[in-house]
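Following: one structure in structure tokens, then a few remarks.
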Amino acid sequence: MKCGMDPELAMFEQTVLDFASKELLDSRQENDRFPFGPLFSDVLAKARAVGFFSATMPEELDGSEMGTTELCLLLESLSRVDASLAGVVFTDTLAKEIVYRARGFLRLKELTGKVSEPGGSLFAFPSQSDPADCTGITAEPEAEESYALSGKADYVVLGGIADSAVLPVRTGDGFSLFTVDLAGEGIGISEPVLSLGLHACPAVDITLDGASGLLVGDEGQGAEYLRRVEGRMNAACAAMSLGVMKGAFEEAVAYAKERQQGGREIVNWSEVRRMLARMAVKLKAADMIVAELCRSAEDNEPGWEMGSRVAALFAGEASVELTRDGIQVLGGNGYMEDYGQEKRFRDAGQIRSLMGLAPIRELKLMESYLAGEPLY
Amino acid sequence: MFAHDGNSEVLEREPRFDDITCSLRSVSKLPRGVFSETRQVIAEARRFNEEVVRPRALELDRKKHEDPDYLPWDLVEEANRRGFYSMFIPKLFGGHGMNMPALSYMLEEIGSGCTAISNLVGVHYLGIATLCGSWNTRLMNKIMRDVAAGEKSGKPCLVSLAITEPGAGTDTEELELISRAKVTCHAERVPGGYRVNGRKIFISNGHLSTWHITIGYSDLDNPADTMVMMAIRTDMDGFSFGRQEHKMGQKGCPASELIFEDCFVPDELVCFDAQQAARYARPMAKITMQVLDYVLSASRAGVGAFGTGVARGAYEEALRFARETEVEGKLLINHEWAQCALAEMYKNVALARLSYIETNYANGMYGLFKVLHYKPIFYFMKYAPQSLVDAFLEPLVDLDFVTWLFRKIYFDWQKEAEYERTSGWASLSKFSATDAGERNSELALELMGGAGVRTDQVAEKHLRDSKLLQIYEGTNQLNRLNLFKCMIGRSAPEAKVFED
């Protein structure tokens, strides 16, 4: 994302890129072998040490107090090299933001204060789903905020490494959010679920059999708490897609300048050059959208959240298209794990499905517009 | 009332009558037995799909993910036991003699469950088709009878095609490009044969194959005029396997590196070279392109069938998901947008299928299997007892005269317009059906959202598998250019292809 003339942001972006190049680039393929290879715990520890986790939380919660722009820059720069760590940061931030915006400061203080393992400070969340469709768990009240939870939560991201999870549970006409101690009684955690992309940002299925859950905020207010964080997290999705696009574009151009076909570099064949141009158009458009989104978010312009939904949808689709062409430019090599393109294509598809079905998110966007929310 | 004068001239205008009526022209000439055979083949493929492919596709993908060097011998042996590797080999060469277009239907069926397993069967016929493209009937008989013997003994004998090199992929499939390509697989002429040095990469089924139909070049600076097609056995001195590639998808079908180090290939294993080409009308470079066109026109229809299969597999997973998943309080299948998305996917499957069917009609009329579709030959081969074929016909194929005759028919008597037609249709099918496969896989993921990215929901595997189809057998960009060259550029004399 274009950082304008802000030297602090430019320095921050460079710092993250340096971190990603140093800690992620060379081990990208090996890290992506998880769960058939080790999890990159050392990288998680370093990411925690430099303040990537709890990114948007206040200092009292061990956070870095990042605004939307810094969060987007962080996720975009990580994704440019390897989106898995960005997926970890995204899920952790989403879960903690929801609790925090639901007046859960004390809960967060308590939960984040007692962890020791690097992954333990993370929060897990089913970030690939729309919480409104999480119908697999029932809640029985026990005492004050405490409920007994039973059922199954599918695809809880970071559920295998975090100490705590935030789980949506259908209550009455709406849904409520609960924090759950993943080491507690009545919790069953599956083996890591194999998935399309973001392999080093693993997910598990969780079964609950009368497990203790603590209500976040008020009962039935899950949708409202989610709405409060939606703008920032949609921007985060768009930034991740943008980072993946940049990585794919850069590798495609570098390869096209080297690889020969018919006796000359493929960048000089006009069809290949046009493919690269189409990639450039999508990339630049997404870049401008995310930059403008961050500016409007920082200025708290009325309706900026609507723009964030558009940005996530646009960048998600564009990144799948761009990374698909990114493989194609490299031909057979692009399909092999030795290059970064196939992973970016898979990661782009995974990122696109964050926060629920894209068509439903499109329908909800239109619903908001028809209800009077301004689009432009 | 109707004018007849000048019809020929009118019908020669683009789109040419002969190009758009391959199926219409074929119908009356096609033996009826083709229908019943195809019915049988599809039934066999569906049984294989239900009993083997669908239950084991995810397990195979996972095993290969866990251990990139794993080889799926159990699946190959099962396909061999069911007769799949000699099913489409003519009875003259010891096979079951099913008609070749039925292979495409089979590949679609298996591909709807798993493209990798479909490749374990289909790529073997790419090797067979290349061997047949040389029309060296003595070698064809030797190798295809090895395949048939492998079926009887229970030890599969597969055939691969080794053409792609580290520095030349797409280049090796187009005459105009290969003359400028950086090829390195050197077949040096030595007394009694060729000495081969070099590497081939991305060779599908390489580690599983016994025979490798290998393309080398006796002059690396002039590959278009010096192509050498050889049959190389895995146990020959100087041949070895390199690594298996680590692919994004189609993991169950190995992509192998083949290494040739002073590998001596005797003359009796040379399928075709410039010396053999000297007996025929066209120059070597033209015949090389003709051979490639025969092979690619058949194999690209097969890749179109893979594309159709994966498009169908993705559609079927999306439909299953829509029928059992509630979104916003009602089943997804009852959302109007989802119904339109499913209809779009169904359309993609149907049009992809039509494209490979039409290509095979063209191949049956003008391409690789035109002789086999000639009714008297078809019925004789279908109903003649195998013992009779072996006793009286098999000895004939070792005669040089038979090779010469087939090459006369296929090399000298084939008109340019005929191989342009088959090649053009094959490219159209290849890029249309594989684009449809990739598109449907993306649509399935879009419709399934978070569930779609889970491997156990299968759709994401279809997406990973589908992407390779847009790359191999000539990238879809190359196939677009080939379509332009064959069907469009020929009527635009000012057009120059591959001279951007």
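Rule-based calculations on the coordinates, nothing more; no lab input. If you're wondering where the values come from, they're calculated on a predicted model, not measured in any experiment. Neighbour counts are summed over all protein chains in view; Cβ atoms, including those assigned to glycine, are modelled from backbone coordinates with ideal geometry.
What does a probe at B:Asp69 reach in the range B:250-289, counting residues whose amide N is under 19 Å from the point 7 Å along Cα→Cβ?
Inside the label zone: B:251-259.
Starting from the eigenvalues of the Cα gyration tensor, five times each then square-rooted, give me the equivalent ellipsoid semi-axes of chain A, largest first, whole Å.
Numbers: eigenvalues 245, 104, 74 Å².
Working through the eigenvalues yields semi-axes of 35, 23, 19 Å.
Within the range B:150-191, list the residues whose amide N lies under 17 Å from a label point set 7 Å along Cα→Cβ of B:Phe264.
B:187-191
Can you list the residues, at least 5 places off or on another chain, whose amide H is less than 5 Å from the amide H of B:Met87, using H built in the peptide plane?
Amide H to amide H, under 5 Å and 5 or more residues apart or across chains, B:Met87 pairs with B:His96.
In angstroms, what radius of gyration and Dmax does the range A:122-220 have, counting Cα atoms only?
Gyration radius and largest Cα-Cα distance of the range A:122-220: 12.6, 41 Å.
Would you mind calculating the relative contact order of the range B:239-392 from Cα pairs under 8 angstrom and at least 6 residues apart, reporting the percent as a whole number?
Details: 93 pairs, mean separation 27.5, N = 154.
So the answer I get is 18 percent.
Once phi is turned into θ = phi - 60°, what whole-Hz ³J(HN,Hα) does the Karplus curve with 6.51, -1.76 and 1.60 give for every residue of the range B:298-312, x standing for Gly and Pro?
Going residue by residue, I get 7, 6, 6, 5, x, 5, x, 5, 4, x, 5, x, 6, 4, 5 Hz, with x marking Gly and Pro.
Taking the simple approach of a point 7 Å from Cα along Cα-to-Cβ for both A:Gln14 and B:Asn334, what is their distance in nm?
Placing both labels 7 Å beyond Cα along the Cβ direction yields 5.9 nm.
Percent of alpha carbon pairs in the protein assembly as shown separated by more than 45 Å? Walk me through the numbers before you get to the answer.
Numbers: 124349 of 383250 pairs.
Everything past 45 Å amounts to 32 percent.
Give me, ordered by chain and number, the residues 5 or more places off B:Val327 or on other chains with an amide H under 5 Å from its own placed amide H.
The list, which skips near neighbours in sequence, is B:Leu332.
Any chance you could list the semi-axes, whole Å, largest first, of the equivalent ellipsoid that the Cα gyration tensor gives for the range B:160-273, using √(5λ)? Before the final figure, lay out the partial values.
Working: eigenvalues 94, 64, 22 Å².
In descending order, the three semi-axes are 22, 18, 10 Å.
Residues in the range B:129-167 near a label at B:Asp400, defined as backbone nitrogen under 19 Å from the 7 Å Cα→Cβ point?
Answer for the range B:129-167: B:134-142.
Taking θ = phi - 60°, what integer Hz values does the Karplus form 6.51 cos²θ - 1.76 cosθ + 1.60 yield along the range A:238-254, in sequence order, with x for Gly and Pro?
Couplings: 4, 5, 5, 4, 4, x, 4, 4, 5, x, 5, 5, 4, 5, 5, 5, 4 Hz.
Whole angstrom only: what separates the Cα centroid of the range A:299-336 from the Cα centroid of the range B:90-125?
First find each Cα centre; the distance between them is then 38 Å.
When a footprinting reagent is the concern and you count Cβ atoms within 10 Å, what order do A:Met57, B:Met236, A:Met288, B:Met1 take, fewest first? If you can, show how the numbers build up before the last one.
Values: A:Met57 24, B:Met236 17, A:Met288 12, B:Met1 2.
Arranged by neighbour count, lowest to highest, A:Met57, B:Met236, A:Met288, B:Met1 become B:Met1, A:Met288, B:Met236, A:Met57.
Just counting partner chain Cβ atoms within 10 Å, what average do the residues of peptide B:471-477 show around their Cβ? Provide the component values of the computation, followed by the final result.
Values: counts 8, 3, 0, 0, 7, 1, 9.
Per residue, the number of nearby Cβ atoms from other chains is 4 on average.
Test of understanding: ordering A:Ser164, A:Ser54 by Cβ neighbours within 10 Å, fewest first, what list do you get? Intermediate results must be reported in sequence, preceding the final value.
Numbers: A:Ser164 29, A:Ser54 26.
With the sparsest Cβ surroundings first, the list reads A:Ser54, A:Ser164.
Need one value for A:328-334: mean number of C-beta atoms belonging to other chains within 10 Å of its residues' C-beta atoms. Before the final figure, lay out each step's value.
Numbers: counts 6, 2, 1, 10, 13, 6, 4.
Partner-chain Cβ atoms within 10 Å, mean over residues of A:328-334: 6.
Taking 8 Å as the Cα distance limit and 6 or more residues as the minimum spacing, I'd like the relative contact order of chain A as a percentage. Spell out each step's value before the answer.
On the way: 715 pairs, mean separation 65.7, N = 376.
In percent, rounded to a whole number, it is 17.
Using only helices, what value at 222 nm comes out for chain A when you add -39,500 (n - 2.57) per DSSP H run of length 4 or more and divide by the total residues, to the nearest 500 deg cm²/dmol?
Working: 11 runs with 187 residues, N = 376.
It comes out at -16500 deg cm²/dmol, rounded to the nearest 500.
Taking only DSSP H segments of four or more residues, each worth -39500 (n - 2.57), what value at 222 nm results for chain B once the sum is divided by all its residues, to the nearest 500 deg cm²/dmol? Intermediate values should be presented prior to the final figure.
Values: 19 runs with 258 residues, N = 500.
Calculated from helices alone, the mean residue ellipticity at 222 nm is -16500 deg cm²/dmol.
Could you list B:Tyr217, B:Tyr294, B:Tyr280 so that the one with the fewest beta carbons within 10 Å of its beta carbon is first and the one with the most is last?
Values: B:Tyr217 24, B:Tyr294 27, B:Tyr280 17.
Lowest to highest Cβ neighbour count: B:Tyr280, B:Tyr217, B:Tyr294.
Amide H of A:Ile137: which non-local residues (sequence gap of 5 or more, or other chain) have their own amide H closer than 5 Å, using H built in the peptide plane?
A:Lys152, A:Arg170
Quick check: pseudo-label points 7 Å beyond the Cα along Cα→Cβ at B:Arg233 and A:Ala277, how many nm apart are they?
Roughly 5.5 nm, to one decimal.
Measure up A:Lys46/A:Lys96; B:Lys200/B:Lys251; B:Lys91/B:Lys251; B:Lys29/B:Lys415; B:Lys91/B:Lys286; B:Lys430/B:Lys467 against 22 Å on the Cα-Cα distance and list the ones that go over. Numbers along the way, then the final one.
On the way: A:Lys46/A:Lys96 20 Å; B:Lys200/B:Lys251 19 Å; B:Lys91/B:Lys251 33 Å; B:Lys29/B:Lys415 19 Å; B:Lys91/B:Lys286 31 Å; B:Lys430/B:Lys467 13 Å.
Cα-Cα > 22 Å for B:Lys91/B:Lys251; B:Lys91/B:Lys286; rest within.
How big is Rg to Rh over the range B:160-210, alpha-carbon atoms, Rh as the Kirkwood inverse-mean-distance radius?
On the way: Rg = 12.3 Å, Rh = 12.1 Å.
Checking Rg against Rh, the ratio lands at 1.01.
For B:Cys340, what is the net charge nearby, where nearby means another residue's Cβ is under 14 Å from its Cβ and Lys, Arg count +1, Asp, Glu -1?
On the way: positive: B:Lys347; negative: A:Glu362, B:Glu336, B:Glu344, B:Glu446.
Summing Lys/Arg as +1 and Asp/Glu as -1 gives -3.
Normalising by the residue count of chain B, find the relative contact order in percent from Cα pairs under 8 Å and 6+ residues apart. Show your work: numbers first, answer last.
Details: 900 pairs, mean separation 89.7, N = 500.
Result for chain B is 18 percent.
When each pair of different Cα atoms in chain B is counted once in the 1/r mean, what is the Kirkwood radius in angstroms, to one decimal?
Numbers: mean 1/r = 0.0430 Å⁻¹.
Roughly 23.3 Å, rounded to one decimal.
Across the range A:136-148, in residue order, what do the Karplus-derived ³J(HN,Hα) couplings come to in whole Hz, using 6.51 cos²θ - 1.76 cosθ + 1.60 with θ = phi - 60° and x for Gly and Pro?
Taking θ as phi minus 60°, the curve returns x, 10, 10, 10, 10, x, 10, 8, 6, 7, 8, 10, 9 Hz for the range A:136-148.
Under a point-charge model restricted to the Cβ atoms of Lys and Arg (+1) and Asp and Glu (-1), what is the dipole moment magnitude of chain A relative to its Cα centre, in debye to the nearest 20?
Numbers: 36 positive and 59 negative charges, 279 e Å.
Using only the charged Cβ atoms, the result is roughly 1340 debye.
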